[in-house]
1. Which of the residues that make up region 146-175 are near the ligand (Cβ under 10 Å from one of its atoms), surrounded by fewer than 23 Cβ atoms within 10 Å (Cβ to Cβ) and aliphatic (A, V, I, L, M)?
2. Somewhere in region 180-195, is a residue touching a residue at least 24 places away in the same chain (Cβ under 8 Å) and in contact with a strand residue (DSSP E or B) (Cβ under 8 Å, 6 or more places away or on another chain)?
3. Which number in (1) under 25 Å from residue 101 (Cα atoms); (2) at pLDDT below 95; (3) part of a helix (DSSP H, G or I) marks the one condition that residue 213 misses?
Amino acid sequence: MVSASGRGFDSRRLHHFSFDSLSLSGGPHFILIAMKKVVIAIDGPAASGKSTTAKRLAERLGVLPIDTGAMYRAVTLVTLEAGIDPHDQKKVEEIAQHLEIQQVFENGEVRTFVNGQDRSRDLRTPEINRWVSLVSSYPGVRRSLVEKQRAMAKRGGVVLEGRDIGTVVLPDADLKIFMVASPEERARRRWKELQEAGMEIPFEEVLQEILRRDHLDSTRADSPLKKAEDAVVLDTTNLTIQEQVEAILELLKKRGLDP
Ligand code: CDP
């Protein structure tokens, strides 16, 4: 497969395409086949099932999942480790500006490298949960991370999940999903996840923490959590992960976007 410049194509959509060149035997002809590389945006409140769905969907479609929440968590981690007060907006924005971040998808999991080190395990602690919504409300932090996210999505073949993907980061995404579930169900899922990771936190505390973060995320001035007008709402309260993934694959099929 080769990448080629796409003269004759709409250049605004150019990054969504790759070109396969086929050499026909016996002739000097080349046929250019434009293959659309899908771009999917998944947004929604805390623990609504975005990460798991994005990963499973990525496996099924052979695309790359990008966990934008992990990027805001990474800025929070570096801030706290540097002994900087998360209320110090200017310093936190500087950290985001200089942050080196990569994500790789391996064995069905997204691993996040922060300044060269795999910090995936350190990003989901109660301490990070406590501060991440404040850190992600700073416009300078968002500017730096959105730029990185757009660069990661540039070649297409991606599923990005977060809070502002359909509204701000990728307003031209091929499919936008707004994933919701009842607060109790979301807290139940997160409580179970924490238990499995060896963190014993009372259910009520997990629920309050989720509600607090949702409130902060949806009331902030810059890029609040909200459904894009053209997003499809997917209520996962009574769905299994398998059913969630199938529902999205069905939507892609209806739009002629399945591989
Ligand atoms: O996994 P969970 O839904 O609990 O959270 P996350 O997706 O890891 O996101 C952590 C936090 O990062 C959110 O509560 C938001 O404050 C922030 N975030 C954001 O502002 N914009 C995004 N695109 C993604 C996350």
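1. The answer is 146, 168.
2. yes
3. Exception for residue 213: condition (2).
The values are calculated or read from the model by the stated rules, or taken from the named source; none is laboratory data. The structure presented is a predicted model; accordingly, all values stated were derived computationally and were not measured. Heads up, the Cβs are rebuilt from the backbone with ideal geometry, glycines too, and the neighbour counts pull from every protein chain shown.
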